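Student: Have a look at this one before I ask anything.
The values are calculated or read from the model by the stated rules, or taken from the named source; none is laboratory data. On a predicted model such as this, the values are computed, not experimentally measured, just so you know. No Cβ is skipped: glycine too gets one built from the backbone with ideal geometry, and neighbour counts run over all protein chains shown. Accessible surface areas use protein heavy atoms only, side chains included; no ligands, DNA or RNA. Shrake-Rupley method; radii C 1.70, N 1.55, O 1.52, S 1.80 Å.
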Amino acid sequence: MLHPDPYFAAFGNSQQHVLAESLDDPSSFKARLSDAYAPPQVMGKAFVRCRESGVLTAVPGLSSVRRLPGFHSAQGLPYVGQPIQKSTLTKGKTGIVYFVHPEESVVRPEESVVRQSLEVPSRLEDEAALFRVEPAPTTGSDRS
């Protein structure tokens, strides 16, 4: 389930809000369908990955991500001490970072605030600077 807060911040509603409206006030919900789509802000999300398996000892890149323009929130990040598996393909298994910003470059989309911020978590992943992982300790049963 996607966290509703960044969607509400960007669009003034979320999937959960629209579903509740459809059940509680069907006429307002139907009227919404005739409104032109013009979101007040832009939202982007990055599904962050960890490229190593082991035990999470720190998330040093998170402070850099939180300082990015448009940073809204991070959900589902693993906690320090948690065993994690390498996740080069992900569906939010090691977290999602959300960005919300009122300005976007229509003329030059590559210069948009959200797009530029979304590139940073991927770069930190590639540099192994987002998560710090140590090998999982071996137990007596793992020894040969």
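Student: With respect to ALA9, is the statement that it is at negative phi and open to solvent by less than 60 Å² (accessible area, probe 1.4 Å) true? Steps first, please.
Tutor: On the way: at negative phi: yes; open to solvent by less than 60 Å² (accessible area, probe 1.4 Å): yes.
Yes; evaluated as a whole, the condition is true for this residue.
Student: Can you find, within the stretch 43-82, the residue that is most open to solvent (accessible area, probe 1.4 Å) among those that are among the hydrophobic types (A, V, I, L, M, F, W, C) and under 12 Å from GLU125 (Cα atoms)? If you could, list the steps in order and put the result at the bottom.
Tutor: Kept after step one, since they are among the hydrophobic types (A, V, I, L, M, F, W, C), are these residues of the stretch 43-82: 43, 46-48, 50, 55-56, 58-59, 62, 65, 68, 71, 74, 77, 80.
Next, from what is left, pick out any that are under 12 Å from GLU125 (Cα atoms): 46-48, 50, 59, 62, 65.
On the way: ALA46: 13, PHE47: 81, VAL48: 3, CYS50: 4, VAL59: 37, LEU62: 25, VAL65: 2 Å².
Checked the stretch 43-82; the qualifying residue most open to solvent (accessible area, probe 1.4 Å) is PHE47.
Student: Would the stretch 72-92 turn up any residue that is modelled with pLDDT under 90 and of a type in the set (D, E, K, R)?
Tutor: yes
Student: Kindly list the number of the only condition in (1) surrounded by 13 or more Cβ atoms within 10 Å (Cβ to Cβ); (2) in contact (Cβ under 8 Å) with a residue 40 or more places away in the chain that fails for SER14.
Tutor: Only one criterion in (1) surrounded by 13 or more Cβ atoms within 10 Å (Cβ to Cβ); (2) in contact (Cβ under 8 Å) with a residue 40 or more places away in the chain is unmet by SER14, namely (2).
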